[in-house]
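Below: one structure, written as structure tokens.
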Amino acid sequence: MMKKDQLLTEFQDKITAVNNNRSTSQYRCTALQWLTSFLSDRTQVVALAGQKSSSQCLLCGVPQGSVLGSLLFALYSADVLKIAADHEVCIHAYADDMQTYSSCAARDQQTATDRLLACVADIDKWMSSNRLKLNADKTEFIWLGTCQQLAKVTVLPLIVKDQLIMPLDKVRDLGVIIDGELTMERHVRNVACSCFYQLRQL
């Protein structure tokens with residue numbers, strides 16, 4: 001039987017850190033001028049307690065919440081997929097959320113863990129050189145498998161960017177609560193509680 005270890009990481013300040021020159025340089029098509037106009041000559045104002053700051057020019061970033069924002073970030077960070085492939089690690093990504101994972105037998109847990117950590121270290125280097133930051137505070141680690149498989153795993157913390165990451169028995173990924181045995185019980189219980197709360201409000 002195989003099991004998975006999964007490391008959930010998140011890009012910090014993902015959209016606001018996108019380097020406009022790098023984003024647009026990846027496009028060699030007739031839309032280049034349109035994309036350039038979308039990304040250039042943008043300003044930002046901060047409003048707080050009824051007061052507004054002076055307008056400041058932005059040298060990087062894309063408008064958050066824009067239709068193109070997530071697409072441009074996905075293109076900008078596409079190199080991360082190659083880094084994962086080089087380490088034989090699988091990756092799932094949605095906007096700034098990224099899950100790196102690997103399947104292994106319980107006896108091979110150290111090899112799989114080392115591979116994940118090497119991959120995350122290389123991703124962190126790539127991010128640092130591309131105006132992004134790996135948010136170790138939001139990084140989570142979970143072992144997935146059957147009860148019998150999980151009993152064979154030696155549960156040890158990981159170190160990511162000098163921060164101790166303790167393995168968890170449940171994590172939240174894109175709003176879904178995932179437990180180590182993939183029973184979905186905690187997620188179903190959470191959704192049911194939320195539904196009952198909403199019904200009581202009627």
Considering each residue of the range 170-190, count those that are open to solvent by 90 Å² or more (accessible area, probe 1.4 Å) and within 19 Å of residue 97 (Cα to Cα), and give that number.
-> 3
Filter the range 22-62 down to the residues that are modelled with pLDDT under 75 and loosely packed, with under 10 Cβ neighbours inside 10 Å, then identify the one that is nearest to residue 132 (Cα to Cα).
-> 28
Among all residue pairs at least 6 apart or on different chains, which show Cβ distances below 7 Å where the first residue, located in the range 92-107, is of a type in the set (D, E, K, R) and modelled with pLDDT under 85 and the second is open to solvent by 10 Å² or more (accessible area, probe 1.4 Å) and not in a strand (DSSP E or B)?
-> 96/14; 97/174
For residue 167, all conditions in the list (1) open to solvent by less than 90 Å² (accessible area, probe 1.4 Å); (2) in contact (Cβ under 8 Å) with a residue 40 or more places away in the chain; (3) under 23 Å from the mean Cα position of the chain (by Cα) hold save one; what is the number of the exception?
-> (2)
Among strands (runs of 3 or more DSSP E) entirely within the range 81-159, at least 1 residues that are polar (S, T, N, Q) and surrounded by fewer than 18 Cβ atoms within 10 Å (Cβ to Cβ) occur in 97-104
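Does residue 75 qualify as being touching a residue at least 12 places away in the same chain (Cβ under 8 Å), within 18 Å of residue 133 (Cα to Cα), in contact with a helix residue (DSSP H, G or I) (Cβ under 8 Å, 6 or more places away or on another chain) and open to solvent by 80 Å² or more (accessible area, probe 1.4 Å)? Steps first, please.
Working: touching a residue at least 12 places away in the same chain (Cβ under 8 Å): yes; within 18 Å of residue 133 (Cα to Cα): yes; in contact with a helix residue (DSSP H, G or I) (Cβ under 8 Å, 6 or more places away or on another chain): yes; open to solvent by 80 Å² or more (accessible area, probe 1.4 Å): no.
Criteria not met by residue 75.
The values are calculated or read from the model by the stated rules, or taken from the named source; none is laboratory data. Bear in mind the structure is a predicted one, so any value in this text is a computation, not a measurement. Heads up, the Cβs are rebuilt from the backbone with ideal geometry, glycines too, and the neighbour counts pull from every protein chain shown. Side chains are part of the model used for accessible areas, which takes the heavy atoms of the whole protein and leaves out ligands, DNA and RNA. Shrake-Rupley method; radii C 1.70, N 1.55, O 1.52, S 1.80 Å.
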